[in-house]
Amino acid sequence: MMFAAAALAVLIALGLAMVRACIGPTVFDRILAINTAGTLTVVLISVYGFLTERPEFLDIALLYALINFIGTIAVTKYVSYEGLGYPVGDHDDGDV
Amino acid sequence: MQWDQIADVLSWIFISGGAFFALTGTLGIIRFPDVFTRMHGAGMVDTMGIGLILVGLMFQSPDAITVIKLGLILVFIFFTSPTTCYALARASLAAGFMPMKPRQIEIMTTQHKDVVVEKKAAKKKSKDKETKSSKT
């Protein structure tokens, strides 16, 4: 019961974040909303593991948190530097 | 009182608090006016919402390794959330977006109020017209 309530709240929050990801005027709004959605997905996976009484799902949640972080940083770097490679020429800003 | 009942009550408190913060944080992401203010809502979800729900789950763990895994997720999100926010703010500043000045916010809110007042006036007018037309 408790886990079902938590899962429901997280699902509603996920839907609200996806609304901002759809209507976001700039690309940074979309990145922010997708990052929040990924963080909420981590909690959703954990709660689902407890809901089905299989806490091994926490490993997947931990992995998803790692991938979410790397993905957000990569997309931010891609958007601001128009590429994922090392800085070249007079573009000496370095990493994000 | 048994330990199970105490753990259940604590879990309910923490999970409902986390759900509240997650919902209000995402509502803030929708309602705030620009990127830099929306980051506040995202930070609320990342720290309070996620943290409280995971702490609530900790009380229901069957063994110690589950608590350790939940703690690992918690610590990881606590470190990555500010990093992501910082990178995003830096990227959007570099792209030319500036945080709003107080004067701009004031103009926005007053404009919003004006729009609301105009809408109400328009509704009244149309209602009056309807009543007049129905009378005639």
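Coordinate-derived values only; no laboratory data. Quick caveat: nothing in here was measured; it's all calculated off a predicted structure. All Cβ positions, glycine included, derive from the backbone under ideal geometry; neighbour counts span all protein chains shown.
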note = Packing-ranked peptide list from A:51-62, A:26-37, B:69-80, highest mean Cβ count within 10 angstrom first, is A:26-37, B:69-80, A:51-62
key: Inter-chain Cβ neighbour average for residues B:18-26, partner chain, 10 Å   = 6
inquiry  = Using the Kirkwood radius over C-alpha pairs as Rh, can you work out the diffusion coefficient of region A:7-80 via Stokes-Einstein at 10 °C, viscosity 1.306 mPa s, in µm² per second?
reply    = 123
ask   = If you take the C-alpha gyration tensor of chain B, multiply each eigenvalue by 5 and take the square root, what semi-axes do you get, largest first, in whole Å?
value = 45, 26, 9
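Can you order the peptides B:99-106, B:25-32 by their average number of other Cβ atoms within 10 Å per residue, highest first? Intermediate values should be presented prior to the final figure.
Working: B:99-106: 11.0, B:25-32: 20.2.
Highest to lowest by the protection proxy: B:25-32, B:99-106.
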ask   = Peptide B:36-44: average number of partner chain Cβ atoms within 10 Å per residue?
value = 3
remark   = Quick P(r) readout (the protein assembly as shown; Cα-Cα; 10 Å bins; whole %) gives 7, 27, 26, 18, 12, 7, 3, 1
task = Arrange the peptides A:9-21, A:69-81 so that the one whose residues have, on average, the most other Cβ atoms within 10 Å appears first.
result = A:9-21, A:69-81
Sum of -39500 (n - 2.57) over DSSP H runs of 4+, divided by residues of chain A (222 nm, nearest 500) = -26500 deg cm²/dmol
remark   = For peptide A:20-27, the mean count of other chain Cβ atoms within 10 Å per residue Cβ is 3
request  = Please identify the helices of chain B, taking whole runs of DSSP H, that span at least 30 Å along their own axis as judged from the Cα atoms and have a mean Kyte-Doolittle score of 0.5 or higher.
outcome  = B:3-31, B:64-94
